[in-house]
Amino acid sequence: MPVEFTGKTALVTGSGTAGGLGHAIAEILVRGGATVVVTGRDPERGVQVAEGLGARFIAADLADPDSVRALAAEAGTVDILVNNAALMTGATQDLREFDDVFAVNVRAPFVLTTALAPKMAANGGGSVVNVSSTAAGIGMPGMGVYGASKAALESLTRAWAAEYAHGNVRVNAVAPGPMHTAKAVAMIGPDLGGYGGTVPLDRSADPAEVAEAVAFAASARASYMTGAVLPVDGGRAAV
Ligand SMILES: NC(=O)c1ccc[n+]([C@@H]2O[C@H](COP(=O)([O-])OP(=O)(O)OC[C@H]3O[C@@H](n4cnc5c(N)ncnc54)[C@H](OP(=O)(O)O)[C@@H]3O)[C@@H](O)[C@H]2O)c1
């Protein structure tokens, strides 16, 4: 039975890239009946994705706090916020990249969540889902800054779960392992550099498989789940 989102509104960051996880999440929410806002930096690409889904597109640069605040204001009151956008970089020593990664992966979810979660609470409740990564919990060469940003996001997930619970706002994270999104394939190659073979299930995930877990966490079916970090990683966290 499909997850039910009739009458719900949702904002999914990083959803303007065809073949990305955000696109797959937006698709599953729309299929469930939600009214979805797709957002990304590129209006041409984003509008095309949004139109394909029957969603609305708002352009925003999550590296710029003013742009993030404007996005929150334009999105208005939503029932579901998915902080999915991220800068995935291998650099660990470049200060500029360090700041960029933390701006997009940590500061933008902070600005969006602190703007939108109180409105959800005032509206009777809601759900925030943060997209983390296996890299938050294990040491991966060249992924130190990215992993640290995702660990920060997981920590914020727990703090926000405690802070917003009284307003019936649940906050959870989903931590994917290797996933053959269009971007990951373009960056590392079709087999993700053999990364899929490092997990017990011995393959990378289709983004739709991870989107299912995000949709569950966002839905009323997860009504007693908050502050959780759900690994959707082919078993990587288990070994
Ligand atoms: N692929 C994997 O193997 C994997 C594994 C673990 C976790 N994850 C996580 O899964 C999520 C989705 O990743 P993905 O593989 O689907 O990659 P993706 O297609 O590149 O998605 C990332 C999205 O972030 C958006 N973004 C980046 N910088 C932005 C900025 N400054 N302002 C606005 N949007 C920005 C991009 O949007 P625009 O380019 O349209 O602006 C893009 O749509 C990320 O949180 C990532 O960390 C991925």
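A few remarks follow.
- Every condition in (1) open to solvent by 60 Å² or more (accessible area, probe 1.4 Å); (2) within 18 Å of the chain's Cα centre (by Cα); (3) within 25 Å of Asp99 (Cα to Cα); (4) free of Cβ contacts under 8 Å to residues at least 40 places away in the same chain holds for His180 except the one numbered (3).
- Positions within region 156-170 being more than 16 Å from the ligand (Cβ to nearest atom) and either hydrophobic (A, V, I, L, M, F, W, C) or open to solvent by 40 Å² or more (accessible area, probe 1.4 Å) (or both), in sequence order: Arg158, Ala159, Trp160, Ala161, Ala162, Glu163, Ala165, His166, Asn168, Val169
- Counting only residues that are closer than 13 Å to Arg107 by Cα and more than 14 Å from the ligand (Cβ to nearest atom), region 67-88 holds 0 of them.
- Unmet criterion (only one of (1) buried (at least 17 other Cβ atoms within 10 Å of the Cβ); (2) within 16 Å of the ligand (Cβ to nearest atom); (3) in a helix (DSSP H, G or I)) for Ala117: (2)
- Only one of the numbered conditions (1) surrounded by fewer than 15 Cβ atoms within 10 Å (Cβ to Cβ); (2) more than 10 Å from the ligand (Cβ to nearest atom); (3) on the phi < 0 side of the Ramachandran plot is not met by Gly7, and that is (3).
- Selection count where residues are of a type in the set (A, V, I, L, M, F, W, C), assigned to a loop (DSSP other than H, G, I, E, B) and at pLDDT below 95, scope region 181-239: 1
The values are calculated or read from the model by the stated rules, or taken from the named source; none is laboratory data. Note that this is a predicted model, so its numbers are computed, not measured. Note: ideal-geometry Cβ built from the backbone for every residue, glycine included; neighbour counts use all protein chains shown. In case anyone asks, the SASA skips ligands and DNA or RNA and just uses the protein heavy atoms, side chains included. Shrake-Rupley method; radii C 1.70, N 1.55, O 1.52, S 1.80 Å.
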